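A short write-up of the structure that comes next.
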Amino acid sequence: MSGLFHAPHVFQANIRYDWIGAGSVLQHVVAHSGRTNPPLFRAAITSSTFLPPQYAADDPIPTLLYNDIVESTNCSDAEDTFACLVAIDSDTLNQANNASAFSAFYGTYVFVPVVDGTFITERPTVTLGRQVINGDVLLSVTNTFEGDGFALPTETNTTDYVRQMFPYFSAKQTDQAASYYIALNTTLPEPADQAAAIMGECSDIPFILNKRRHLTINLGRENLLFLQVTTETTCNIISLPSKAPVHCLIMQISSKHSLSRS
């Protein structure tokens, strides 16, 4: 991992990355239900953490995606479809991958981490909620408008957008989720604005912490730091014991329409 800060001892090692790389860091933070042994790092830093829906490996959605690749590479009749894919030349695999990626719901990624039951034993948010993670220090920060550019500016129906974004939602859940964003029509006047907010807050949860919606996760470790970053560029430490040493740091602050990534 190029984001690894090398150290002479594992207990001095830090891992850091942004966006999709930060999503990889998060997977290491929650690996083995937060109990990787022996420990591989002391601290983790993430910026714009990527956390898409993470299904079980045998869930119908990743299974469908796998079967699409198998079919498009003419491996459907193989006794061992995975062995067939391994033997396929890279150009054929690349074409199949591109076709699958371009057919996906706009702004989403087709092949993302799954819950395999061994390395990742449960959804990352479940592990975080149990307050058991790898490492002693976790610093996570985010931009306010993470979803800009990942939702089509032509979106016209927020409810329909939620329905497509979350195919397992019931009709009631879909309507309820959409209503939260439709109610923000003063600050998010158009469905496209609401769609961008949904995409940003649902692919970077639990690290989107802005002035509209504050999410606090108490991980129960004295050196676990979460930054609450708002458009006023304020910085607050959340859920830390009063005696814990803290340092307030803003790594990335961007106003709307000027999103940048380091």
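Brief remarks on what is shown
- Looking only at residues in the stretch 104-154 that are farther than 24 Å from Y181 by Cα, modelled with pLDDT of 90 or more and more than 15 Å from the chain's Cα centre (by Cα), the one that is surrounded by the fewest Cβ atoms within 10 Å (Cβ to Cβ) is T118.
- Filtered residues of the stretch 176-187 (kept if among the aliphatic types (A, V, I, L, M) and out of contact with any Ser or Thr (no Cβ under 9 Å at 6 or more places or on another chain)): A183, L184
Here's the yes/no breakdown for (1) of a type in the set (K, R); (2) farther than 25 Å from V115 by Cβ; (3) free of Cβ contacts under 8 Å to residues at least 40 places away in the same chain:
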| site | (1), (2), (3) |
| --- | --- |
| Q54 | no, no, no |
| D59 | no, no, no |
| D68 | no, no, yes |
| E71 | no, no, yes |
| S76 | no, yes, yes |
| D80 | no, no, yes |
| L85 | no, no, yes |
| S90 | no, yes, yes |
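- Qualifying residue in the stretch 193-205 (condition: under 26 Å from W19 (Cα atoms), modelled with pLDDT under 90 and not in a helix (DSSP H, G or I)): yes
- Scan of the stretch 168-186 for residues that are under 27 Å from P62 (Cβ atoms) and exposed (fewer than 12 other Cβ atoms within 10 Å of the Cβ), ordered by number: Y168, S170, A171, K172
- Total residues in the stretch 26-47, condition of a type in the set (G, A, S) and closer than 18 Å to E122 by Cβ: 3
- Looking across the stretch 155-164 at every residue that is touching a Phe, Trp or Tyr at 6+ places or on another chain (Cβ under 7 Å) and polar (S, T, N, Q), the one that is modelled with the highest pLDDT is identified as T158.
- Verdict on A78 being in contact with a helix residue (DSSP H, G or I) (Cβ under 6 Å, 6 or more places away or on another chain) and assigned by TED's automatic domain parsing to the domain that holds G135: no
- Residue in the stretch 193-207 that is in contact (Cβ under 8 Å) with a residue 40 or more places away in the chain and more than 22 Å from the chain's Cα centre (by Cα) present: no
- You will find that of F82, F41, the residue that is touching a Gly at 6+ places or on another chain (Cβ under 6 Å) and of a type outside the set (D, E, K, R) is F41 and no other.
The values are calculated or read from the model by the stated rules, or taken from the named source; none is laboratory data. In this text, all values refer to a predicted model and were calculated from it rather than measured experimentally. Note that we place each Cβ from the backbone using ideal geometry, even for glycine, and neighbour counts take in every protein chain shown.
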